[in-house]
1. Given the conditions (1) touching a residue at least 40 places away in the same chain (Cβ under 8 Å); (2) of a type outside the set (Ser, Thr, Tyr); (3) touching an Asp or Glu at 6+ places or on another chain (Cβ under 9 Å); (4) open to solvent by 70 Å² or more (accessible area, probe 1.4 Å), and given that ARG160 satisfies all but one, which numbered condition is not satisfied?
2. Quick one: would you say THR98 is under 24 Å from ALA170 (Cβ atoms) and among the polar types (S, T, N, Q)?
3. Counting only residues that are under 18 Å from GLY111 (Cα atoms) and either among the β-branched types (Val, Ile, Thr) or assigned to a helix (DSSP H, G or I) (or both), how many does the stretch 126-155 have?
4. Of all residues being small (Gly, Ala, Ser) and within 16 Å of ALA85 (Cβ to Cβ) in the stretch 41-61, which is least open to solvent (accessible area, probe 1.4 Å)? Just the residue, please.
5. Residue check, SER110 against (1) open to solvent by 30 Å² or more (accessible area, probe 1.4 Å); (2) modelled with pLDDT of 90 or more, all met but one. Which one?
6. Within the stretch 47-56, is there a residue that is part of a helix (DSSP H, G or I) and closer than 28 Å to ILE150 by Cβ?
7. Any residue in the stretch 26-39 that is among the hydrophobic types (A, V, I, L, M, F, W, C) and within 19 Å of GLN155 (Cβ to Cβ)?
8. Does ALA99 qualify as being assigned to a loop (DSSP other than H, G, I, E, B), modelled with pLDDT of 90 or more and within 25 Å of HIS31 (Cα to Cα)?
Amino acid sequence: MKVVVISGSPRKTASTQVMMRFVYEYAKSKHPDTKFINLSDGGVDYYRGPTETYSQTTMQAIKDITDADVWLVGTPIYNSFFSSALKNLFEFINYKSTAGKTAGLAILASGSIGFTDVQTLLTQLMSYFRVVTNPKAAYLTADVIQDGQIANEDQKARLRELVDETMLLASRQK
């Protein structure tokens, strides 16, 4: 199975990328055909319509997402929504080529509110793409990330569980 891990924060020192790099490393250890799209690396263009020309970075991200069987998507909560950078990335994706894929969601917030609101919004977005979404998202708060690492073993276990359960759900789709 092909897997893509998406870190949906555009911030250079984003805690979301720490969380999703952990997800990526774990997923890759179990599924070698795993790609990582880190929006804080930059290079993904703003969507300007289907007839425009886009950068190689953008085109590769589109290909990686479209080719993947499983999407592991991580986002911070910004003003009660998922990141606009993540929404922009999905503007490039053709919903006609995504039916039957599987997604797992990891959501990071500075506090303990808003998780289910953002999970609902992301699940609706996945539904538009006809992607089956693992109903059990992973929720983390930014305080568990210290010195560029996830400091809480329970949270690491929850992220590993998200990957394992999403992969199991995807295998049942085939």
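1. Only one criterion in (1) touching a residue at least 40 places away in the same chain (Cβ under 8 Å); (2) of a type outside the set (Ser, Thr, Tyr); (3) touching an Asp or Glu at 6+ places or on another chain (Cβ under 9 Å); (4) open to solvent by 70 Å² or more (accessible area, probe 1.4 Å) is unmet by ARG160, namely (3).
2. Taking the combined requirement at face value, the residue satisfies it.
3. Summing the residues that are under 18 Å from GLY111 (Cα atoms) and either among the β-branched types (Val, Ile, Thr) or assigned to a helix (DSSP H, G or I) (or both) in the stretch 126-155 gives 8.
4. Once the filter is applied, the top-ranked residue is ALA61.
5. (2)
6. Scanning the stretch 47-56, I find no residue that is part of a helix (DSSP H, G or I) and closer than 28 Å to ILE150 by Cβ, so the answer is no.
7. yes
8. yes
The values are calculated or read from the model by the stated rules, or taken from the named source; none is laboratory data. Just so it is clear, the model here is predicted, and its values are computed rather than measured. Cβ sites come from the backbone with ideal geometry, for glycine too, and all protein chains shown count toward neighbours. Surface accessibility is based on the protein's heavy atoms, side chains included, excluding ligands, DNA and RNA. Shrake-Rupley method; radii C 1.70, N 1.55, O 1.52, S 1.80 Å.
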